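Note sheet for the following structure.
Coordinate-derived values only; no laboratory data. As the structure is a prediction and not an experimental result, all values here were calculated from the model. Cβ: placed from backbone, ideal geometry, glycine included. Neighbour counts: every protein chain shown.
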Amino acid sequence: MPALRIGIVGAGSAVFSLRIVSDLIKAGAFSGSEVVLMDIDDERLKSVKTLAERLVSELGVNMKFKETKNLDETIKGSDFVINTALVGGHAYLEKVRRIGEKHGYYRGIEAQEFNMVSDYYTMTNFNQLDYFVHIARKVVELSPNAWLLQAANPVFEGTTLITRMVPEVNVVGFCHGYHGVDHIAETLGLEKEKIEWQVAGFNHAIWLNKFLYDGKDGYPLIEKWRDEHSSEWKPRTPFDDYVSPMAFEMLRIYGMMPIGDTVRNSSWRYHRDLETKKKWYGEPWGGADSELGWKWYQESLQKIVELEKLIAKLVQETPPLVKVFTKDGLKKIVGEGAPEEIVEGIAQIIDPDRMSGEQHVPFMMAITGVKPERLVINIPNNGTIKEIPDDVVVEIPAIVDKEGIHPEKIDPPLTPMVIRAYLYPRMTRMELAVRAYMERNIDYIKEILYRDPRTKSDEQVESVLGEILALPENERMRKHYGI
């Protein structure tokens with residue numbers, strides 16, 4: 001295939017962007033390509049570039065890496081632009097969460113029914129949504145034929161907003177939540193090659209509508225495991241909720257198994273307080289989105305950043321990277337007690353024979369004609385799920401090839417309870433958040449909070465939003481809404 005130019009916005013993000021860079025190097029399909037790494041953090045950007053160049057050298061790949069802080073330089077002339085950036089970082093998200101809790105909103109105002117994921121801000125992260133639109137317009141201006149691969153959260157609101165405000169851009173959203181199917185199969189002891197599956201819904205709201213094992217309905221196997229083994233279940237990490245009590249409670253209510261982050265996004269009943277979370281998501285953390293689970297995640301992120309910097313420093317002083325930094329070698333470097341997931345994640349990036357499981361590079365290979373791929377992607381519905389409006393972005397499986405994106409028929413269809421009791425309420429809140437931005441009307445954001453059972457008065461809504469809007473980081477947000 002011809003050499004490509006690929007821009008990665010937010011390339012210093014812990015592990016995620018390094019996974020994509022590693023996949024580009026290992027794929028064997030991008031010889032002669034240039035990858036432009038953009039981030040505002042010089043040290044982390046340099047770490048990613050150092051590791052990438054070492055992998056290129058050791059694997060004998062013809063690929064160049066360039067670092068920049070300039071968005072135009074990242075986009076101009078690119079065939080693909082991958083957006084992984086989180087504007088303001090987790091520090092801003094935590095600041096907003098603390099303000100929310102101060103005003104009586106446990107886990108912050110962004111913790112909303114069917115949207116509990118702790119960095120999936122849809123109301124107060126104006127700067128993130130604004131940057132999404134800015135990047136999309138820059139792609140149209142500087143590289144009109146390029147594909148914009150939207151990886152940064154919130155993918156549901158963000159990709160829907162982009163398709164409505166910049167309809168001429170080629171955009172597709174990505175998430176790896178569908179790997180929850182693999183986790184369920186592993187728990188049940190099933191052979192993956194014998195499974196036929198399909199998921200559908202919205203980002204962080206997908207459901208296992210098809211699950212066949214050896215050609216037969218696989219749901220009885222899930223229910224058998226639930227009946228015989230669920231009482232013994234203990235989470236390995238805060239994110240290990242695939243067969244939690246919450247997952248089976250959602251199966252009971254909605255008639256299908258929730259997949260990936262959907263399990264985290266249950267209703268208010270299961271998120272009232274820490275003890276309630278522990279009951280449904282397991283001890284000791286109460287899931288990823290409790291105060292304990294999210295602290296674990298933030299500490300893990302910091303360890304990953306420190307490990308990346310350490311490895312980047314050491315690779316300049318050591319023999320070949322892929323031989324020295326094995327999984328056992330990494331454990332010695334980071335010391336005993338390091339979370340297995342961190343060590344495994346870095347080891348996978350370094351291993352020349354293992355791809356990350358992220359879909360960005362397979363999409364690039366498929367759309368440029370290297371080989372077709374079946375992927376789970378976020379695109380406008382356009383009739384794929386018949387009960388959902390065409391201009392709402394859905395997460396569905398599709399075959400991608402050089403001719404384009406071909407959504408699968410969703411068969412069997414999602415249950416009426418999934419559609420009407422889960423997706424419709426989630427879609428309503430998305431519409432309020434997206435229309436608030438598009439119409440410059442903050443009353444739509446207030447309306448989300450008026451419906452929140454934690455809200456006791458209009459004054460509470462005004463005071464919490466007033467304090468958030470007063471943050472220095474939100475000057476553009478204030479101007480946007482005429483405040």
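Quick look at the numbers
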read-out	value
Whichever lysines have a C-alpha closer than 24 Å to that of Lys95, once near sequence neighbours (fewer than 8 apart) are set aside	Lys277, Lys295, Lys303, Lys446, Lys456, Lys479
Distance between segment 9-33 and segment 58-132 - C-alpha centres, whole angstrom	18 Å
Extension gain (nm, one decimal) between Ile405 and Asp41, 0.36 nm per residue minus Cα-Cα	127.6 nm
The chain - Rg over Rh from alpha carbon coordinates, Kirkwood radius	0.94
The chain, relative contact order [Cα under 8 Å, separation at least 6], %	17 percent
Unsatisfied cross-links (Cα-Cα over 25 Å) in the set Lys26/Lys194; Lys194/Lys371; Lys69/Lys138; Lys76/Lys402	Lys26/Lys194
Neighbour-count ranking [beta-carbon atoms within 10 angstrom, fewest first] of Phe211, Phe156	Phe211, Phe156
Projected label distance in nm at Glu306 and Glu58, using a 7 Å step from Cα toward the beta-carbon	2.3 nm
Translational diffusion coefficient (Stokes-Einstein; Kirkwood radius from C-alpha pairs) of segment 213-292 at 10 °C, 1.306 mPa s, in µm²/s	122 µm²/s
Rg and Dmax [Cα atoms of segment 1-147; Å; Rg one decimal, Dmax integer]	17.6, 57
Segment 138-200 - Kirkwood radius from inverse mean 1/r over Cα pairs (Å)	14.1 Å
Least to most buried among Leu221, Leu129 (fewest other Cβ within 10 Å first)	Leu221, Leu129
Taking Val305, Val393 and counting other C-beta atoms within 10 Å, the order from fewest to most	Val305, Val393
J(HN,Hα) series, segment 174-180, from Karplus relation 6.51 cos²θ - 1.76 cosθ + 1.60, nearest Hz, glycine and proline x	10, 7, 9, x, 5, 4, x
Where trypsin sites (Lys or Arg not before Pro) fall in DSSP loop in segment 197-275, at most 11 other Cβ within 10 Å	Arg236
Fully extended contour minus Cα-Cα distance, from Lys386 to Asn441, at 0.36 nm per residue	16.8 nm
Other-chain or far-sequence residues with amide H under 5 Å of Ile377's (modelled H)	Ile396, Ala398
3J(HN,Hα) from dihedral phi, segment 380-395, Karplus parametrisation 6.51/-1.76/1.60, rounded to Hz, x for glycine, proline	x, 4, 6, x, 5, 9, 4, 7, 9, x, 5, 8, 9, 6, 10, 10
³J(HN,Hα) computed for each position of segment 24-30 - Karplus, 6.51 cos²θ - 1.76 cosθ + 1.60, integer Hz, glycine/proline x	4, 5, 7, 4, x, 10, 10
Mean Cβ neighbour count within 10 Å, used as a protection proxy, ranking 113-122, 135-144 highest first	113-122, 135-144
Amide H contacts under 5 Å for Asn153, placed H, 5+ residues apart	none
Net charge dipole size for segment 178-289 [Lys, Arg +1 and Asp, Glu -1 on Cβ; Debye, nearest 20]	320 debye
Estimated inter-spin distance, Glu473 and Ala421, nm [label 7 Å along Cα→Cβ]	3.7 nm
